[in-house]
Amino acid sequence: METFVVAVDLGGTQVRSAAITAGGQISARTVIPTPVQEGPQAVIAAVIEAAGKVIDQGQASRPAAIGLGAPGPVDPQTGTIFFPPNLPGWGERSIMDPVRQAFQCPVFVGNDANVAALGEQRFGAGGGVAHLVYVTVSTGIGGGIVSDGRLLTGRRGFAAEIGHQTLVPDGPLCGCGQPGHLEALAAGPAIARMAREGIADGGSSSLTDLGKDLDQLTAADVAQAAASGDELSIQVYRRAGFYIGLGLTNLIHILEPELILIGGGVTRAGALLFDPIRQTVDERVMSDIFRVIKILPAALGEDVGLFGAAALALVGVEQG
Ligand SMILES: [Zn+2]
């Protein structure tokens, strides 16, 4: 029987789990709500329940390992998750020990955006390349870095904070409290904010015809208006793409990846976002050497967290 692992994607609203083979086939999957209000012990119990369900459903044999993607910084050695923003009351607590005790098999834990890079590398648009950067652009900007085939985690799991590079020293405040970070300039809320500001500055836009309170505008609204030719919305996406391109240029110079993959809800805007990203990188890199680096959409969509957790477990098993 082909090796299989159990993947768990622990999110603030759902715990998703799947049994996934080494070849990337999902043989069983389940979703249960995350009992955030009931505290950390209930969340840990939900993770164990979700993993147990897919083992019972799909496979007669035991998984080779369990891989778990979690929000917040994760120490890969101890499985400690540090103050995850959407699991209130968690503090600093290991998820590795209780899960290992429950299933008596190896357990590997990583930050969800970090492990997504491994998932795309192995099962998605990465094609197995050894040097890859994955960026997700949604309500925030995060990502992961695979360097020489390994996930770059830093000393305690805090590395690869791609969204928190300073691009504008006195720019808008980021959710982390610092000014001018990429996330504050180009994530979904920043796109909505730039559109609102453009309208407040007297710009004309079809967004005002939506009959929607401008405070409720979303990046998807702006993308839709841009697709219908709204010039203000097109300029907003150009601006967001410009900042993402600047951020990628920094990463390219530091890491020299072979491939950069960009996922997350905001990338549904397609060429509207990717064109200014590629143009900015092309204009800003220091040498032709870096102009060959491909920038492509990620492929795994909503399942990227599950495939990432699976890839983390498979890499862990392979490296013994
Ligand atoms: Zn920040």
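Below is a table of values for the structure above.
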read-out	value
Whole-Hz couplings from phi, Karplus 6.51/-1.76/1.60, listed for the stretch 248-254; x for Gly and Pro	5, 4, 4, 5, 4, 5, 7
Built amide H within the under 5 Å cut-off of S94, gap 5+	I81
Separation in nanometres of the label points that stand 7 Å from Cα toward Cβ, at T78 and D148	2.7
Estimated inter-spin distance, I289 and R62, nm [label 7 Å along Cα→Cβ]	4.9
Quotient of C-alpha Rg and 2.2 N^0.38 Å, computed over the stretch 70-181	1.16
Selected from M194, M286, M96 as most flexible by GNM, with the chain as the system and alpha-carbon contacts under 10 Å	M286
Volume of the Cα convex hull of the stretch 210-320, divided per residue and given in Å³	136
For the stretch 229-269 versus the stretch 270-320, the gap between their alpha-carbon centres in whole angstrom	11
Order of D209, D275 under a 10 Å beta carbon neighbour criterion, fewest first	D209, D275
Cα→Cβ-extended label distance, 7 Å offset, between Q41 and R268, nm	4.0
Calculated FRET value between L214 and E256, using beta carbons and R₀ = 45 Å, to 0.05	0.60
Normalised contact order of the chain, rounded percent, pairs of Cα under 8 Å and 6 or more residues apart	19
Most mobile of V74, V43, V133 in a GNM of the chain (Cα contacts under 10 Å)	V43
Sum of -39500 (n - 2.57) over DSSP H runs of 4+, divided by residues of the chain (222 nm, nearest 500)	-12000 deg cm²/dmol
FRET efficiency, D275 to Q25 (Cβ-Cβ, R0 30 Å, nearest 0.05)	0.30
From phi via Karplus (6.51, -1.76, 1.60), per-residue ³J(HN,Hα) for the stretch 14-23 in Hz, x at Gly/Pro	9, 9, 10, 9, 8, 8, 10, 7, 4, x
Helix 40-58 vs. the chain, principal-axis angle (Cα, 0 to 90°, nearest 10)	70
Long-range amide H partners of G171 with built H, under 5 Å	G180
In Hz, Karplus ³J(HN,Hα) per residue of the stretch 274-288 (6.51, -1.76, 1.60; θ = phi - 60°; x = Gly, Pro)	5, 4, x, 4, 5, 4, 5, 4, 4, 6, 9, 5, 6, 7, 4
Diffusion constant of the chain at 10 °C, which comes from Stokes-Einstein with the Kirkwood Cα-pair radius and 1.306 mPa s, µm²/s	78
For V15, distant residues with modelled amide H under 5 Å away	I32, T34
Loop-resident sites, the stretch 1-76, for GluC sites (Glu not before Pro), counting at most 13 other Cβ within 10 Å (DSSP)	E2
Antiparallel content of DSSP bridges confined to the chain, in %, to 5	60
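Values in this text are rule-based calculations from the coordinates and carry no lab data. As the structure is a computational prediction, the values presented were derived from the model and not from experiment. Heads up, the Cβs are rebuilt from the backbone with ideal geometry, glycines too, and the neighbour counts pull from every protein chain shown.
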